[in-house]
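This report concerns only the one structure given below.
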């Protein structure tokens, strides 16, 4: 009898907004018990996913699947670097940056089908001050917003946009000294993003052409911009054309050194962390094995792929926040109605 592929599902019960039991119930539908054997582990505290992953590696498990958001995915992935155990993802979070880059479907059925295909590749990952990241890391405004977002009660794209709009115009750019291959350059920048993958999450593409298999990270430096330029920058982040903006400087490298004016927050895959004035960022080629999508979505032409990403992203947000949006619109309608009634009342009183 052919040896079965061992899989451990690490489920974060509290990530996202939906119950994960329906995902667990779907597993037998997509994983043939003649080819796969699996166990379910549910996390109960921070660091629990890493503990489960470490045990899975010791037991020779082939794939550890993170069932949760970006935090769970990052915690599991950090545990699997430079091992023979591969990372699988069932995305259940608010951003799902790594899953989106790998074209893992956002619905459990599609994600489980990709897992059943069991196509594994060795991919790159990055380090910022020796902390692993798999999508992006950075300093400046994106790190500042990651810190605010982490402290917000609500998740999702709308919360991210709300924080960005609220704080963006007040944020003061910093001056950075960047060293690449011994050459130093000084820039005043709104943010510096170092990307292994193409996006932050929610289909916000900070490095549209980034690849996880080229041995290089795409560095995006955004110079200060005016209020009038902000809408164009926002649109370009979603339609994968931010690299064409005149306020953007971009280049590729394997490592760089960043020196800033003072210690402050950085982010790795959206998680904030306090760090010093000087930072080292580097890429580690082929350091982690991951289950990737080889189905039709991964082979769409670039233009159709961009449209598909945008459509699915918008559709998910409408679904997630439909109730809130409806409530907001209804409240706005009530306010307008009240104002109209008050105006009519005043007009009737006029002689």
Seminar exercise, completed: Taking region 193-202 and keeping only residues that are assigned to a loop (DSSP other than H, G, I, E, B) and under 8 Å from the mean Cα position of the chain (by Cα), one is left with 202
Exercise. Mind checking which residues of region 273-284 are under 20 Å from the mean Cα position of the chain (by Cα) and surrounded by fewer than 20 Cβ atoms within 10 Å (Cβ to Cβ)?
Worked result: 273, 274, 282, 284
Exercise. Residue check: is residue 83 in the same structural domain as residue 20 (by TED's automatic domain parsing) and more than 21 Å from residue 13 (Cα to Cα)?
Worked result: yes
For this session: Report yes if some residue within region 6-22 is surrounded by 15 or more Cβ atoms within 10 Å (Cβ to Cβ), more than 19 Å from the chain's Cα centre (by Cα) and assigned to a helix (DSSP H, G or I); otherwise report no.
Result: no
For this session: Kindly check whether there is at least one residue in region 195-203 that is over 26 Å from residue 66 (Cβ atoms), at pLDDT 95 or above and out of contact with any helix residue (DSSP H, G or I) (no Cβ under 8 Å at 6 or more places or on another chain).
Result: no
For this session: Look at residue 56 and say whether it is within 26 Å of residue 267 (Cα to Cα), crowded, with 19+ Cβ neighbours inside 10 Å, touching a strand residue (DSSP E or B) at 6+ places or on another chain (Cβ under 7 Å) and modelled with pLDDT of 95 or more.
Result: no
Exercise. Which strands (runs of 3 or more DSSP E) sit wholly inside region 73-171 and have at least 3 residues that are at pLDDT 95 or above and more than 28 Å from residue 189 (Cβ to Cβ)?
Worked result: 86-91, 120-128
Exercise. Among the candidates 266, 258, 235, which residue alone is in contact with a helix residue (DSSP H, G or I) (Cβ under 6 Å, 6 or more places away or on another chain) and either part of a helix (DSSP H, G or I) or outside the structural domain of residue 95 (by TED's automatic domain parsing) (or both)?
Worked result: 266
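Rundown of residues vs (1) within 17 Å of residue 292 (Cα to Cα); (2) buried (at least 24 other Cβ atoms within 10 Å of the Cβ), yes/no style:
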position	(1), (2)
37	no, no
45	no, no
82	no, no
88	yes, yes
112	yes, no
Exercise. For region 65-108, how many residues are within 11 Å of the chain's Cα centre (by Cα) and without any contact (Cβ under 8 Å) to a residue 40 or more places away in the chain?
Worked result: 2
Exercise. Which residue out of 246, 213 is farther than 26 Å from residue 63 by Cα and not assigned by TED's automatic domain parsing to the domain that holds residue 89?
Worked result: 246
Exercise. Across region 23-71, which residue is nearest to residue 109 (Cα to Cα) among those that are out of contact with any helix residue (DSSP H, G or I) (no Cβ under 7 Å at 6 or more places or on another chain) and in a strand (DSSP E or B)?
Worked result: 68
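The values are calculated or read from the model by the stated rules, or taken from the named source; none is laboratory data. Please read these numbers as outputs of a predicted model, since none were measured by experiment. Because the Cβ atoms are built from the backbone with ideal geometry, glycine has one as well, and the counts that use them run over all protein chains shown.
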